[in-house]
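The next block holds one structure in the form of structure tokens; read it before the comments.
Any read-out appearing in this document is the output of simple, stated calculations on the displayed coordinates, not a laboratory observation. Since this is a predicted model, take the numbers as computed values, not measurements. Using ideal geometry, Cβ is built from the backbone for each residue, glycine included, and neighbour counts are taken over all protein chains shown.
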Amino acid sequence: MVAYSEPAARRSVTEHCEAVVTLLAELVGKTEQVPISAALNRRLASGMRSSIALPPFDNSQMDGYAVRAADLASAEPRSPVRLAVGSAVPAGRIDTPPLPSITAMPIMTGAPIPLGANAVIPIEHAQPSRFLTDLPAHVAFNSPVEAGQFIRRSGSDVVPGQLLVDANTVLHARHLGLLAAAGIATVPVRYQPRILLLSTGLELREPGEPLQPGQIYDANTPMLAAAAQADGAVVTTARLISDSAEQFSALLRAQLDAAPERIDLVVTSGGVSAGAFEVVKDALAGHGVQFMSVAMQPGGPQGLGRAFGVPLLAFPGNPVSAFISYEVFLRPALRRIAGHPDPERAAIPAKLTAAVTSPPDKHQIRRATIRASDHEPVVELDSGPGSHLIGALAHSNAWVHLPLETSELSAGTSVQVWLLDQLAPPREPVDPPPAADPSAEDALPHLNRQGAAHMVDVSAKMPTKREATAQATVATTAKVIAELTAAQLKKGDALGVARVAGILAAKRTAELIPLCHPLPLTSVAVELTPDIDSVMVTATVRTTGSTGVEMEALTAACVASLTLYDMIKALDPAAVIEQVSVVHKLGGKHGEWVRT
């Protein structure tokens with residue numbers, strides 16, 4: 001056992017955060033190459049471009065017959081044109097023969113278009129409307145076709161050199177599918193730090209084992225491991241059920257030597273305070289690790305340095321102290337290594353529901369529940385500041401920060417709160433809205449009591465991340481869809497023009513819709529998805545603000561649809577824009593809503 005004296009001056013929370021950043025600085029900006037099968041939810045380190053066209057070759061959009069449009073120029077119901085049935089072209093065929101004259105070749109969806117063919121006729125439009133297997137045979141068609149019908153042209157989706165996925169994108173399934181389609185097998189991603197998590201204490205037992213008097217279950221290992229994994233680390237765990245400094249050193253060295261990959265950081269919990277059996281401090285003090293007191297409660301005792309040449313952070317053993325130490329010191333550092341644009345937790349102001357006291361010489365962090373309200377959110381402290389109260393920790397959705405030199409705050413005081421989860425609903429049930437009354441200002445919020453239009457004041461609402469998705473359908477004909485997908489419209493790339501129009505419209509919604517708040521949009525995505533005889537327009541808009549972006553999403557979907565109609569009306573004046581609606585929204589005090 002070794003005796004230690006308390007340092008003359010405590011380190012501030014900010015100073016210790018900076019020390020952790022310095023300790024792990026060599027990992028920031030580091031990347032690694034991984035196969036796409038291991039890249040899910042990883043952050044892309046650099047943009048990926050395609051080396052090929054997608055589709056890579058002209059191919060059929062339908063199961064049917066590949067033909068020359070000129071061979072069917074005279075076809076009509078009373079005088080069908082009969083063509084000889086050629087050899088079939090399945091998807092994947094690499095030796096596709098050219099199309100003979102006066103011939104229709106059976107072709108499957110995705111199969112390469114034979115040389116000489118310039119249109120595909122769906123099987124259901126042939127006579128007979130089934131594939132013929134006994135050759136020689138003939139098939140008849142009773143109407144002409146236009147060149148390019150139901151042919152997906154090479155490069156109509158992606159052209160060589162096109163940016164597929166931008167740098168810093170978190171890779172989801174749809175991104176991995178695109179990368180695979182472009183033939184990309186591996187990608188550069190932000191590095192995942194390898195962490196060895198070592199919990200200590202003679203009293204610890206594995207969850208599920210029987211407890212003897214004086215023993216407790218190890219909560220820190222699963223809790224800290226899960227937190228670090230969620231923030232992008234690869235975690236190896238070990239446990240020392242002993243208070244022997246020699247056994248701790250031996251276990252640490254053995255774990256470092258046995259690790260399949262080099263450990264980037266050791267994190268310990270327990271054994272760093274001022275007790276008689278502080279195993280981590282006894283083993284490492286004076287050997288490259290400094291132990292100190294940080295002016296924070298809970299989580300004051302901390303250790304930082306290098307053990308056996310590996311960076312090490314030593315957290316206290318009480319579960320709440322260990323978790324707050326992770327949240328304040330390690331989580332932001334791991335998120336910087338992962339390239340996250342927002343390494344710190346979102347902090348918002350909220351009003352205390354009750355008075356609170358705090359030691360003025362410490363930065364106190366209290367578990368709390370933050371709730372939505374009609375104005376500024378309110379925050380209720382959950383139990384006391386005790387470092388053992390893991391039950392209160394699990395049911396909290398926020399941290400309240402009470403900075404140095406704070407001794408007492410009265411109810412109603414606005415404090416800084418870190419959000420851990422969505423805001424809880426108001427404690428008091430919300431009364432149902434009153435019946436519509438044209439004299440009531442809140443019956444129609446854009447009308448005041450005199451019935452005059454005015455803009456709703458949202459200054460009291462809390463800014464949150466908000467998202468809305470709207471959809472519209474442009475119903476047209478299969479012929480128009482064929483020309484759209486083949487990029488053969490005389491007016492040009494209708495889908496591309498409509499996409500740009502929708503994005504521009506979302507950004508100018510406040511100029512188009514009276515009393516609509518101008519919002520700083522952070523993202524606008526407009527997708528146009530052709531079907532057999534329609535195009536689905538999907539617009540998704542995001543912002544961080546005090547009001548939603550439903551109107552921006554609807555405007556984007558509508559203007560994109562109108563632009564598409566304008567591009568195709570010469571071919572199909574009967575085209576219809578229909579089914580315009582918001583299908584999803586997220587953010588604000590009501591959380592997520594999905595149209596069912």
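Were the residues from Leu115 through Gln33 laid out at 0.36 nm apart, the gain over their Cα-Cα distance would be 25.5 nm. Sorted fewest first by neighbouring Cβ atoms within 10 angstrom, Ile94, Ile513 come out as Ile94, Ile513.
List residues of segment 41-64, by number, whose backbone nitrogen lies under 17 Å from a label position 7 Å along Cα→C-beta of His125. So the set is 59-64.
Taking every DSSP helix (H) stretch of at least 4 residues in the chain, weighting each as -39,500 (n - 2.57) and dividing the sum by the residue count yields a mean residue ellipticity at 222 nm of -5500 deg cm²/dmol. If you take the Cα centroid of segment 55-117 and the Cα centroid of segment 154-176, the two points sit 31 Å apart.
The alpha carbon centroids of segment 304-381 and segment 10-44 are separated by 18 Å. With R₀ set to 22 Å, the beta-carbon distance separating Leu211 from Arg253 gives a calculated FRET efficiency near 0.15.
Counted residue by residue at 0.36 nm each, then reduced by the alpha carbon distance between them, the extension gain from Arg174 to His138 reaches 8.7 nm.
When the square roots of the Cα gyration tensor eigenvalues are ordered a ≥ b ≥ c, the ratio a/c for the chain is 1.5 or more and a/b does not exceed b/c, which makes its shape oblate. Between Lys479 and Thr544, the FRET efficiency from the beta-carbon distance, with R0 = 45 Å, is close to 0.55. Shape analysis of segment 347-419 places it in the oblate category; the axes a ≥ b ≥ c from the Cα gyration tensor give an a/c of at least 1.5, with a/b not above b/c.
The shape of segment 229-274 comes out oblate: with a ≥ b ≥ c from the C-alpha gyration tensor, a/c is at least 1.5 while a/b does not beat b/c. The packing ranking of peptides 558-565, 165-172, highest mean first, is 558-565, 165-172, where packing means the average number of other beta carbon atoms within 10 angstrom of each residue.
Relative to the present Cα-Cα distance, how much length would full extension add between Ser244 and Trp593 at 0.36 nm per residue of separation?
Numbers: separation 349, 0.36 × 349 = 125.64 nm, distance 5.49 nm.
Answer, rounded to one decimal: 120.1 nm.
Rounded to the nearest whole Hz, the Karplus-based 3J(HN,Hα) values (6.51 cos²θ - 1.76 cosθ + 1.60, θ = phi - 60°) of segment 391-404 follow the sequence x, 5, 4, 5, 9, 8, 10, 6, 10, 9, 9, 10, x, 3, with x at glycine and proline.
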